[in-house]
Amino acid sequence: MNFLFWLGQKEVKVSLEAVGDNLLRVSVGDTAHDVSAEFIGQEEILLNVDGRIFNVIVHSDSLSHSVFINGRLFRIEKRSALKILREEKGRQKKRDVKTTMPGRVVQVLAAPGDGVQEGQPVLVLEAMKMQNEIKAPQAGQLARVCFRAGEYVEAGSVLFTVE
């Protein structure tokens, strides 16, 4: 039986194989352990892992499992394959930044090829007598800047692209 978990942002693959009475072979990545379990209560288990004893308490809700192993807390997030696909689709590799109104580029603060952080100002746009910093929507590399200082832009124009 195979399982897939997320511990923080790290994906963990676990495989279980019955190898005897009350004995499992548990594989995590390339490491395998022989494990036997004794259930103390509905949420508490004593695990014997390769001869070492662990007290495990598991509390679950609809979003995650809280696992206490010898008093140390681990949160294991429940995520469906559909949720993972939606998150991956939401992360765009390339992102065009457009202006919603016409204006004039006052200053360009970064050049193509520069690394940018999410929220870092890339250029200053003057529109309706106000100067606005236009910021990078995501961390990455500035692929292109479409205008220079002093140039006018139309509403809907692509100002720059972050990859």
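The dipole here belongs to region 106-163: it is taken about the Cα centre, uses +1 on the Cβ of Lys and Arg and -1 on the Cβ of Asp and Glu, and is about 80 debye. Only one item in (1) 9, 26, 22, 17, 13, 8, 4, 1, 0; (2) 9, 25, 18, 12, 14, 12, 8, 1; (3) 11, 41, 36, 11, 1 matches P(r) over Cα pairs in 10 Å bins from 0, in percent derived from the coordinates shown, and that item is (2). Each Cα pair under 8 Å and six or more residues apart adds its sequence gap; the mean of these over the residue count of region 95-162 is a relative contact order of 45 percent. Separation of the alpha carbons by more than 20 angstrom is noted, of Lys98/Lys135; Lys94/Lys129; Lys10/Lys94, for Lys94/Lys129; Lys10/Lys94.
Computed over the chain with a Gaussian network model linking Cα atoms closer than 10 Å, the most mobile of Gly20, Gly113, Gly103 is Gly20. Using the alpha-carbon atoms, what tilt in degrees (0 to 90, nearest 10) does helix 81-90 show relative to the longest principal axis of the chain? Once rounded, one gets 20 degrees.
Spin-label model, Met101 to Ser60: label points 7 Å out along the Cα-to-beta-carbon direction sit 5.3 nm apart. Within the chain, the longest segment free of exposed loop sites, counting trypsin sites (Lys or Arg not before Pro) that fall outside DSSP classes H, G, I, E and B and have at most 12 other Cβ atoms within 10 Å, spans 1-90. Residues considered: Asp114, Asp30, Asp50. Largest GNM mean-square fluctuation over the chain, using C-alpha springs under 10 Å, is found at Asp30. Short-range pairs are left out: with C-alpha atoms under 8 Å and at least six residues apart, the relative contact order of the chain is 15 percent. Here's the picture: charge each Lys and Arg Cβ at +1 and each Asp and Glu Cβ at -1 in the chain, and of Val12, Val26, Gly103 the one pushed furthest to the positive end of that dipole is Gly103.
Laboratory data are not the source of any read-out in this text; all were calculated from the coordinates shown. No experiment lies behind these values; they were computed from the predicted model shown. Positions of Cβ are backbone-derived with ideal geometry, glycine not excepted, and every protein chain shown enters the neighbour counts.
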